[in-house]
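Just below is one structure, and these are the notes that go with it.
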């Protein structure tokens, strides 16, 4: 591996603060593979975007993220400025250190520190697709955000909101507990959906997942056939279910067999539009962060971001 100007961006609060406590060990592991690098800790939401953007504009060629999916998503946004990739030659390396590390499953990146560093220093830079979502923010304005893995609306947005509001640990058991408790009182949402301009039959939806990667929700195989480099989303649309029906079928989300359920449609496309049909807010989750609400437009930006991994 030739020497790249390298910036490491660390989310010290990831993995319930374990990243901060393990930073000395992580830093030495990075140094074993890369002699010269700068590093900076994130201090607030969206800080990773600022750090990455500034570093790339300053000539950084390799940005290594240390954290979970939310951290990587923020860093990816920092590769762009004004809708344009700042440096097509800059690449993202992922050092997973978080409770939500679903993206690495689609990139075949090991979860262990040494093996992940071997991928960063020896693996290929793959040009992957990136999603871009335009959505309604809490203040009512229209905002844009890039995402790497999956954006979803419906019950997933409510679950992430519950996890954040209740300040629960971001781990699989917390997600499943909130999913079950949310489903008890959840009201399916009436949403108008169009894929590549084709309007789908109207109805009530439990989940609408616009998938670039395969896995979300701390291990749920929501889109088992999705690829990060095919130029298409897998829009996974789960029609409305009652609580007991969900209890009987929800486990199928874990192993990916839900795709054969009669209430699940998977439609591939480059652009997905979702508009609520009533005044009740439909929450939006983007790479594990509850950002805002529908209406939203999801667009694929094909093979736009070099990420080190194996597809």
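May I ask you to derive the relative contact order of segment 228-303, considering only C-alpha pairs under 8 Å and at least 6 residues apart, and to give it as an integer percent? Relative contact order here is 37 percent. Taking label positions 7 Å along the Cα-Cβ direction at both residue 142 and residue 280, the computed distance is 2.7 nm, reported to one decimal.
Which shape class applies to segment 131-303: rounded if a/c is under 1.5, otherwise prolate when a/b exceeds b/c and oblate if not, where a ≥ b ≥ c are the square roots of the Cα gyration tensor eigenvalues?
In terms of gyration-tensor shape, rounded.
By the helix-only formula, in which each DSSP H run with n ≥ 4 contributes -39500 (n - 2.57) and the sum is divided by residues, the chain has a 222 nm mean residue ellipticity of -8000 deg cm²/dmol.
Extending 7 Å from Cα along the Cβ direction at residue 242 and again at residue 229 yields two label points whose distance is 4.7 nm. Only Cα pairs under 8 Å and 6+ residues apart enter the sum, and on that basis the relative contact order of segment 131-303 stands at 32 percent.
Classification of segment 1-61 by its C-alpha gyration tensor yields an oblate form. The axis ratio a/c (a ≥ b ≥ c) is 1.5 or more, and b/c is at least a/b. When the convex hull of its Cα atoms is viewed from all sides, segment 244-311 shows a mean projected area of 7.3 nm². For the chain, modelled as a GNM whose springs connect Cα atoms under 10 angstrom apart, the maximal fluctuation among 73, 106, 262 occurs at 262. As a ratio to 2.2 N^0.38 Å, the alpha-carbon radius of gyration for the chain is 0.97.
Working from Cα pairs under 8 Å separated by at least six residues, relative contact order for the chain is 22 percent. Projected label points at residue 185 and residue 261, each 7 Å from Cα along the beta carbon direction, are separated by 2.3 nanometres. Summary of packing: across the peptides 32-43, 297-308, 147-158, the per-residue average of other C-beta atoms within 10 Å ranks them, highest first, as 147-158, 297-308, 32-43.
Computed extension gain for residue 115 through residue 54, at 0.36 nm per residue and net of the alpha carbon distance, reaches 19.1 nm.
Rule-based calculations on the coordinates, nothing more; no lab input. These numbers were taken from a predicted model, which means no experiment stands behind them. Positions of Cβ are generated from backbone atoms using ideal geometry, with glycine treated the same way; all protein chains shown enter the neighbour counts.
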